[in-house]
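Data first, discussion second: the structure below is written as structure tokens.
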Amino acid sequence: MRVAFVIYDGFQGLDLTGPYEVLQATGRYECLVVAPEPGPVVASSGLPVVASHGIGGLPPDGFDTVLVVGGTGVDRARDDPALVGWVTEAARGARRAAAVCSGVILLAEAGLLDGRRVTSHWGREAQLRAEYPALRVDCDPIFVRDGCVWTSAGVTAGMDLALALVEDDHGREVAHAVARELVMFLRRPGSQSQFSVPLWSAQPASDPIRVAVTAVQTDPGARHSIADLAGCSGLSPRHLQRRFTAEMGMPPSAYVERVRIEAARRALAEGDEPVETLARRLGFGTGETLRRAFHRQVGVAPSDYRDRFRGTREYA
């Protein structure tokens, strides 16, 4: 399978190297790095990468996949008519098009995304909505598939996208083997929010609160009452309540519920565990309690979320 990785001055290095390594690890893809001109191309970090091909010397046909990487330079790259034209032709002739992070802007500029659901790094959401109103922008998932177009959030999410491409092409066993080789999480579903616990939450400033937070994240379904968390952190319940709220921006009970909801989202997207069983395992007690909390935080019922976001074939 022939894959074109499209880069330009100011691309994000990991947007290229992460997905590239995932595909190459299978031994089943021919990966070409394509730029406006062949030779050294400087990433936004200053890292020079040699593009094996320039668009002038490489016909835009015969590709299985065209993958455009993101980076701060994409806003200049989209003003290059030759590059946009090459991407347009190559993507239209390919079986699928993909973009990591802000690379979606080049696909949008090429007119390939109108009416499609796409994602990108959360920092690009406002720009995409304002400049490309024909797109259905959703910058919560880490990747989205809409038919033959795949898009992902930033940097490491590109590796999740690439692993999903491998699974779609060659099956779960091959994807598992690649994930093991690269020591990757196997496999973050595309529906997983970009705003997972480390991002939506403040970070604890003191060791006692760090111990309490770690306990919740390590085992969301365990008992995490004020008394339990106070006991593991070495603080009195009242002192824990005050310090936890000050450092984390929310009381312990709210934090515990949100971590449990994140765990429920992952479980719903990846498996078939009944809601009642899931509720007991994650500490909600009853399915109804989980349903109420889930709807309050996510906006949909757990069953609807599962139907919408299961597996790598999401948004097909």
For the chain, what does -39500 (n - 2.57) per DSSP helix run (n ≥ 4), summed and divided by total residues, give at 222 nm, in deg cm²/dmol to the nearest 500?
-14000 deg cm²/dmol
Using modelled amide H (1.01 Å from N, peptide plane; none on Pro or chain starts), what sits under 5 Å from the amide H of His53, excluding residues fewer than 5 places away?
Val33, Ala35, Gly39
In whole Hz, what ³J(HN,Hα) sequence does segment 162-172 give by Karplus (6.51, -1.76, 1.60; θ = phi - 60°), x for Gly and Pro?
4, 5, 5, 4, 4, 5, 5, 7, 10, x, 5
Label-point gap, in nm, between Thr277 and His53 - each point 7 angstrom along Cα→Cβ:
4.8
Cα-based helix-to-principal-axis angle, 81-93 vs the chain, degrees rounded to 10:
80
Separation in nanometres of the label points that stand 7 Å from Cα toward Cβ, at Ser45 and Asp168:
2.6
Treating the angle as unsigned and between 0 and 90°, give the value, to the nearest 10°, between the Cα long axis of helix 287-298 and the longest Cα principal axis of the chain.
50
Here the relative contact order (percent) of the chain, from C-alpha pairs under 8 Å and at least 6 apart, is 13
To the nearest 10 square angstrom, what accessible area does Arg172 show with a 1.4 Å probe?
120
Less than 12 Å Cβ to Cβ from Ala97, Lys/Arg counted +1 and Asp/Glu -1: what total charge do the surrounding residues give?
+2
Mean-position separation - Cα centroids, segment 213-286 and segment 290-307, in angstrom
17
Kirkwood-Stokes translational diffusion coefficient of segment 61-197, alpha-carbon pairs, 20 °C, 1.002 mPa s, µm²/s:
143
What number in nm² do you get for the chain if you take the convex hull of its Cα atoms and divide its surface by four?
17.0
What is the distance in Å between the Cα centroid of segment 74-119 and that of segment 121-145?
14
Projected area, mean over directions - segment 237-313, Cα convex hull, nm²
5.7
One-quarter of the Cα convex hull surface for segment 55-131, in nm²?
4.9
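The values are calculated or read from the model by the stated rules, or taken from the named source; none is laboratory data. The structure displayed is predicted, hence computed values, not measured ones. Heads up, the Cβs are rebuilt from the backbone with ideal geometry, glycines too, and the neighbour counts pull from every protein chain shown. The protein model used for the area step is the full one, side chains on, heavy atoms only, and it has no ligands, DNA or RNA in it. Shrake-Rupley method; radii C 1.70, N 1.55, O 1.52, S 1.80 Å.
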